[in-house]
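The values are calculated or read from the model by the stated rules, or taken from the named source; none is laboratory data. Everything numeric here is computed off the predicted structure, so don't read it as measured data. With ideal geometry, Cβ positions are generated from the backbone for all residues, glycine too; neighbour counts draw on all protein chains shown.
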């Protein structure tokens, strides 16, 4: 049971880290819809 | 899937377009940004008869098709480009019954683009107060258009409007004006040079200052067509406007009667009071004070309920789920983190309710006028007022809104000082710290807590103006822009519109900030629950040995605290502690400061997560309880008046927002300005927080 929980924590952590990195454009991923990047961040 | 009818709502600013949009779409709407520009785009779906649906697009307010700003450009670009996915099947031109003459200029221009047009004469419920009567059948005949009388509250004309939209194919697209009457030679030659193009569309393209789409002036020159000079084009544009007004005057002379003796007017009196150079500011001050007081009074009960509910939920999660790290993450990281944002829904919603009411009544335009008067004295132009005031919601759209300031230096100053105004992300931090360190009690019926919040808002605004004054001296701006603002009529707010605005804004606050807070809470929980070396992994033995001879010591609590100090987050926090210690903060607050660089609201969630990990009780504490019971090793409280005020001042001045830095970089096209902004604002914050802590301590 503990191993399953550890794995779940690992996956959750990974998703969170990727989300933050993508949110602030530190890693690639979905390109912003806006041509010059405006509107990113707040919306 | 049946085809949707594409409808654009177009009209002058302050004609009640958004009210009509809300009446047509209800909650079936979404707000976005137009790609690459500042302007907000609202879209929604409206169900019509016979199962037909309409896709409604609420376009930014524009006075005419002679563009002078980005908002107006956007409307023109859409209406000229048939290939645009939003190009309307039918345009609903929303006009204000009290300003029909001016509003009809845009109507005639769009009709001349041969787009089916419905004229919605809005605020028709006010006709009786203004002594206005309209002969609709006659006006329909004169303007060759379908006219619907509507009201802002949606009680009038909505079903007729929906019916008209369904039957849009029956609407005449005959132009209102014969262009050859403006300059026969010019328009005839234009027509022969481009036989396949629509004449008015060509004229709109040629006469604009900016180029739109693929049909620009240069390409027209290539085709042996001699375009006129800018001044000649301006002259033709003036002639066009005169022709349009002649057409409108003829129609209104027959179809509109205004009996001013029947008009009930209170606007002039109200304007005189609300924009008075002394009373105007006094009234604004009292209104602000009342808002902050009410935010505190009304939201304390729901805030406590939410706080307790999340603490109970965390305890319950630990009880029912099998013991283990994932359960701990859920209870101490995720639930605590979400609780850190949900707790502020009542205050944020109340703040937006009041802002929305002030906007709806027309009072906000008077505030802009009042502030313009103040800002001029400090070297800011009138056009900087709108970004600074809208910065109270979020600095990002506010910084983008500086694009309508023509003078670059003025624009730069506005961009640099806007983050000082108190944005809604600072509110959660202020609220929780004020609740912790400012004593209860009141002065002249206003609580100390509400007064503190009000002072923080004024401090932010004052700092923005002061910095602008200094920057103005350094950057030496000479030319000034002038603010031209239309004062809308005073209106009773429509409850539906207020509620929709509050719902949309609160939803966006919770969802956007909530996602970041949740992700950061998870990362922080992991960093707080794991650590390197013996000190962390062997904490039980180290603490048991250390305290085995002591009685009355809560060993569990000592172990948790020891582990937290030697976790990854503890190591990071301890390493920055010497820098923040003079400000009165411990390493946990330091982590909060670092985490809130992502977004200021993250601060509370961060502390909630860190304190939750350090808590060994079976029952989880509320955020407020955890923060107020936090003590140093000598037993003294972490959150005192001195450290609290220092923290409030730090947040008032510091540039704690990555998104804002990114947008400043984008708008100034250089890293120099955002970096300078970051360094200077952080330095100011540090120095002010340091001085306040040292004095109060």
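Search region A:19-43 for residues being under 18 Å from residue B:517 (Cβ atoms) and facing chain B (nearest Cβ under 9 Å), and hand back the single one that is modelled with the lowest pLDDT. Only one residue fits best here, namely A:43. Looking only at region B:180-194, count every residue that is surrounded by 14 or more Cβ atoms within 10 Å (Cβ to Cβ) and more than 46 Å from the chain's Cα centre (by Cα) and tell me the total. Total meeting the criteria: 1.
Tell me, please, whether a residue that is within 30 Å of the chain's Cα centre (by Cα) and away from chain A (no Cβ under 14 Å) can be found in region B:315-333. Checking region B:315-333: not a single residue is within 30 Å of the chain's Cα centre (by Cα) and away from chain A (no Cβ under 14 Å). At least 1 residues being touching a helix residue (DSSP H, G or I) at 6+ places or on another chain (Cβ under 6 Å) and farther than 26 Å from residue B:52 by Cα is the threshold, and among the helices (runs of 4 or more DSSP H) wholly inside region B:93-195 those reaching it are B:100-112, B:127-130, B:136-143, B:184-193. Only one entry of B:503, B:536 meets the criterion of being over 30 Å from residue B:611 (Cβ atoms) and at pLDDT 80 or above, and that entry is B:503. Can we say residue B:504 is within 24 Å of the chain's Cα centre (by Cα) and farther than 19 Å from residue B:339 by Cβ? Yes. Scanning region B:25-65 for residues that are within 14 Å of another protein chain (Cβ to nearest Cβ), at pLDDT 80 or above and over 15 Å from the mean Cα position of the chain (by Cα) yields one hit, B:43.
Looking at region B:511-559, which of its residues are closer than 28 Å to residue B:595 by Cα, more than 14 Å from chain A (Cβ to nearest Cβ) and surrounded by 18 or more Cβ atoms within 10 Å (Cβ to Cβ)? Across region B:511-559, the qualifying residues are B:531, B:536, B:539, B:558, B:559.
Among residues belonging to region B:379-400 that are part of a loop (DSSP other than H, G, I, E, B) and facing chain A (nearest Cβ under 10 Å), point out the one that is nearest to residue B:418 (Cα to Cα). Taking the candidates together, the pick is B:394.
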